[in-house]
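Scroll down for the structure; my scribbles are underneath it.
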Amino acid sequence: MAFVSRKASGRSRGAAGGIGYLDQVEGGCCARDCAPYCVGARFGRQAALIPRIFCIGSVLWDIIGRAPASLRLGSDVPGRITRLPGGVAMNIAMTLTRFGLQPGLLTAIGRDPEGDELVAAALRMGLDCAHVYRSDDLPTDRYMAIEGANGLIAAIADAHSLEAAGDKILRPRWPMAALGRGMRPMRG
């Protein structure tokens, strides 16, 4: 899910298809007539710290084993194993950076070595991780897939931390602001 400012997106309707709209956020209030909706007008200049786009959802390590041969049950073949940043929110955020945007991530990542590496990788890509919920008691999520010349053979998602974190990912990580609370999400 991504939240985009109305001014940045040129859209004016409410959330649909995983995209929600924040009114102009970067740099505070963009115009005096947006005051009822503008985070900058409600929360002052601190709102300049809030990205215009939030990608909400899974951010994890994709561990992909690929073999050039066709695979079948019990196959033992040479291939390559890679580990890449992935997950729906991460994939969307990485794509948005290719268009010159600077999205923020709202997700849960474990406070473990794998999580530290994942956050470092996201920061190197230009993603805002200031609002990521880092959990001391939840591991960093992983997804493992086996692919052969004949396509995806099997995949396992060890991705329970985001669900376990629940609404903790929506708790504010910046002064005086929140996207929503519990069953009462933000307006916009």
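Between rounded, prolate and oblate, where does the range 95-136 land on the alpha carbon gyration tensor, with a ≥ b ≥ c its root eigenvalues, rounded for a/c under 1.5, else prolate if a/b exceeds b/c?
Prolate shape, in that a/c is at least 1.5 and a/b is the bigger ratio.
Within the shell of other residues whose beta carbon sits under 13 angstrom from the beta carbon of ARG66, the net charge comes to 0, with Lys and Arg scored +1 and Asp and Glu -1. Sketch the reach of a paramagnetic label on ILE153 as a point 7 Å from Cα along Cα-to-Cβ, and name the residues of the range 68-89 whose backbone nitrogen lies under 18 Å away. Counting only backbone N, you get 68-83. As a rough footprinting exposure proxy, the listed residues VAL77, VAL88, VAL59, VAL132 were ranked by other beta carbons within 10 Å of their own, and the order from fewest upward is VAL77, VAL88, VAL132, VAL59.
In terms of surrounding Cβ atoms within a 10 Å radius of their Cβ, HIS160, HIS131 rank from fewest to most as HIS160, HIS131. Can you give the local net charge around ILE81? Use residues other than it whose beta-carbon is closer than 12 angstrom to its beta-carbon, Lys and Arg +1, Asp and Glu -1. Around ILE81, the surrounding residues sum to +1.
In what sequence do THR97, THR140, THR107 fall when counting other Cβ within 10 Å, fewest first?
Values: THR97 14, THR140 24, THR107 28.
With the fewest neighbours first, THR97, THR140, THR107 line up as THR97, THR140, THR107.
Here the contact order of the range 60-145, divided by its residue count and restricted to Cα pairs under 8 Å and six or more residues apart, works out to 37 percent.
Where a number appears in this text, it was derived from the coordinates with a stated rule and is not lab data. As the structure is a prediction and not an experimental result, all values here were calculated from the model. Backbone-built Cβ (ideal geometry, glycine too); neighbour counts: all protein chains shown.
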